[in-house]
Amino acid sequence: MSLLPRTAEEFSSAEYWEKFFKKRGERAFEWYGDYNKLCGVLHKYIKLQDKVLVVGCGNSELSEQLYDVGYKQLTNIDISETVVNHMNQRNAERRPGLIFYQVDATQTPYDDASYQAALDKGTLDAMASEEEGSLARNMLTEVCRVLIVGGRYICVTLAQEGVIKLAVEHFVQLGWAVRLHCLQGERGTEEEDSFALPVFVLVCTKFRQPMPTPILEMCVGDDGAPVRYSQICELLSAVREHQAYSVLRKRLRTSTDPGSNLSLTLCHAKTGLSRYTLTVQDCPPGAKVPRYNHFAIFIVPRGCETAWLYSSSEGRRQLAASANFRRLVIVAMHRNQEYTDMQAVQSELSPVVMDLAPPGMPTNQQVPFLSVGGDLGWREEVSRGVSQLSGEYCVENVRGEDGELYRRLVFLSNTALVQSESRLVSSNTGHKKKNKRKAKATAAPASSSVSLSVDSGFLCCAHHEVMVAGLTMLGVGRPQNKEVPVSVLLVGLGGGGLPQFLRDFVPNVTVEVVELDPVVLEVAKEWFGFRPDDRLSVTIGDGLERICALEKEGGHLFDVIMFDVDNKDSSLGMSCPPASFVELSLLRKVCNLLTPRGLFILNLVCRDPDLRKSVLERVSGVFPTVLSRKIAEEINEVLLCSRGEKGAAHILPSLNEAAKNLQSALRSNRTEEKGRPHIDIVELLKDLKVE
């Protein structure tokens, strides 16, 4: 298989394994597989003529099955006299050459280098939990002693974190080669009351001279190609990934849950690089689904992964409902990966996706692959770099579902979030602009390369449109205010689309942008057409510190203060702005920096309803008038906060006329040669809600 799963980390948890072994109870040997499951690996590493020491044989049938197929030199040992007597009696007549001995595996009577192989089925798992692993270490030491050079320790294990770590570290320190085979269960064999964990076979090979560099490998199945790792922790991580995938597969094959949003990432087996992310979406119980519509795969076009329909739980539910299948697996392709065409993607995914089929689906059922437009979409990376504050980033051109081309800034620490986005125009369809930054599209979806530049007259972000529309609360656009200057303080630059739009379209505006990250400023100028001048300036620094400094200086007031800054700590339930930007003390400073007609505009992204309520209470405690406009199909909402005493009831009726005037002013401020903004301000403001 060319793809491997990357999923959860819970398998390093002692609590997980405690629960596992308690539930497993006395059915120990069923979980490690019988001869039919293990024979592929065992025959690969043990020859028929080899002398084999079977440590901790117990009452397993494995030795009997090996004997029956020709392995006649088996030495079976166990510490339990009862087990040894029982096994000897059981095999006395049918297998007279198969003998069992009562021997402590940590102190055997056998000579040095007297066996070609040592076979362990579950004994290491049992011993490693006792006395902090000392028994297991003693057993492994004894195994090492009795094996010849070139001999192998073959251990069938469930690979509990502490167990496999102990064994691998032991043999790496001795300079042995270490290889793990992961034996995935067959499809359709899962049971409701069973664990669906994979069995691993650990194969450690003894060398005459210790290996100077550890040989650490993982194979999937009996004869899968080995993947080599440089460190023990990488190998252990791969083990956990396979365990988590097996649990996920069992869960999906035995139950449905439309609200679970289960997902996993598939990686290249050789490179380890993320290649696909699969999200499972089930239809709700009772949904009217055609009889044969069990399961389908939906391929998200490249560049569309962050769209609401594919990235949000609500959107995925809507997509699944419209597709009308019991289960829909939504597949997103990763950046920095090559994909030939839709047929190649289907061929690559087909061996994997059947593991995710819903319970009860017929084994011979054909699974359709769905897409938009039948192609893979288009994405071109035009720049990549690193910010000391925000980490690695990339600038990419994509084709949207509307067929238009867009440029995006994405921080790779959160690839699900587009930091900034601008629409692109080509030189053969748009108008050239002086001093405009341009980028060459080397893989554009056109027949040949074209010159692309940013259209500053188009705002891609819906919340930016609302922030601009909110200027109607200042009376911007009204004939009597035509010559009145407007001063704006904006915290958060991004690609610079919002401040550049304000500078280019709003009459008599001056804009100061505060941006913490100097790299973001350079990216905005290089790739997003951002052009500071005497009416558009940038201050590099912390937005909080800048507000505090301005208030302390006094005398510098703004007509509008905008917060459009993201929160790097998404665990708080509020991804925009950082919590410190909505503290009561800071909101009061913002209010003090506004002119009497001033307006505070906040882009709020908050998933926690209690936290949102708290933020609104603080904002309302400072600003008498607070209007809210939620963005359709997004979590964003824009708060328009006025320090005026009139109240929202008096403001709302007059916004309609002001909106029309502002819309007209924005359009007339651009000549026909430069294009016109597309914002429908009247439409944007009709859904304002009083908070």
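The values are calculated or read from the model by the stated rules, or taken from the named source; none is laboratory data. A quick note: this is a predicted structure, and the numbers were derived from the prediction, not measured. All Cβ positions, even for glycine, are placed from backbone atoms using ideal geometry, and neighbour counts span all protein chains on display. With ligands, DNA and RNA removed, areas are computed over all heavy atoms of the protein, side chains included. Shrake-Rupley method; radii C 1.70, N 1.55, O 1.52, S 1.80 Å.
Some notes on this structure:
- Hey, ASP533 modelled with pLDDT of 95 or more and exposed (fewer than 15 other Cβ atoms within 10 Å of the Cβ) or not: yes
- Those residues of region 292-309 which are in contact with a helix residue (DSSP H, G or I) (Cβ under 7 Å, 6 or more places away or on another chain), over 26 Å from PRO362 (Cβ atoms) and not β-branched (Val, Ile, Thr), in sequence order: CYS304, GLU305, TRP308, LEU309
- Only one entry in GLY457, GLY494, GLY470 is open to solvent by less than 40 Å² (accessible area, probe 1.4 Å), within 23 Å of GLU381 (Cα to Cα) and either in a helix (DSSP H, G or I) or touching a residue at least 60 places away in the same chain (Cβ under 8 Å) (or both), namely GLY494.
- Looking only at region 264-321, residues that are aliphatic (A, V, I, L, M), open to solvent by less than 20 Å² (accessible area, probe 1.4 Å), under 13 Å from the mean Cα position of the chain (by Cα) and modelled with pLDDT under 85 come to 2 in all.
- If you go through region 629-645 and keep only what is of a type in the set (Gly, Ala, Ser), within 14 Å of HIS463 (Cβ to Cβ) and surrounded by 19 or more Cβ atoms within 10 Å (Cβ to Cβ), you end up with nothing.
- LEU235 vs. criteria under 25 Å from MET361 (Cβ atoms), touching a residue at least 60 places away in the same chain (Cβ under 8 Å) and among the hydrophobic types (A, V, I, L, M, F, W, C): no
- Residue that is farthest from the chain's Cα centre (by Cα) [pool: residues in region 86-101 that are under 20 Å from LYS51 (Cα atoms) and surrounded by fewer than 11 Cβ atoms within 10 Å (Cβ to Cβ)]: PRO96
- Of the residues making up region 116-156, those that are open to solvent by 10 Å² or more (accessible area, probe 1.4 Å), on the phi < 0 side of the Ramachandran plot and not in a helix (DSSP H, G or I) are GLN116, LYS121, SER129, GLU130, ILE148, VAL149, ARG152.
- Extreme residue, farthest from GLU465 (Cα to Cα), among residues of region 586-627 that are open to solvent by 50 Å² or more (accessible area, probe 1.4 Å) and part of a strand (DSSP E or B): PRO596
- Taking region 553-584 as the range and being within 25 Å of TYR393 (Cβ to Cβ) and assigned to a helix (DSSP H, G or I) as the test, the residues that pass are SER570, SER571, LEU572, ALA579, SER580, PHE581.
- Considering only residues in region 557-613 that are among the charged types (D, E, K, R), over 22 Å from the mean Cα position of the chain (by Cα) and over 18 Å from VAL638 (Cβ atoms), the one that is modelled with the lowest pLDDT turns out to be ARG597.
- Put simply, of ALA416, ALA320 the only residue that is among the hydrophobic types (A, V, I, L, M, F, W, C) and in a loop (DSSP other than H, G, I, E, B) is ALA416.
- The residue that is farthest from the chain's Cα centre (by Cα), among those in region 346-391 that are of a type in the set (D, E, K, R) and outside any helix (DSSP H, G or I), is ASP375.
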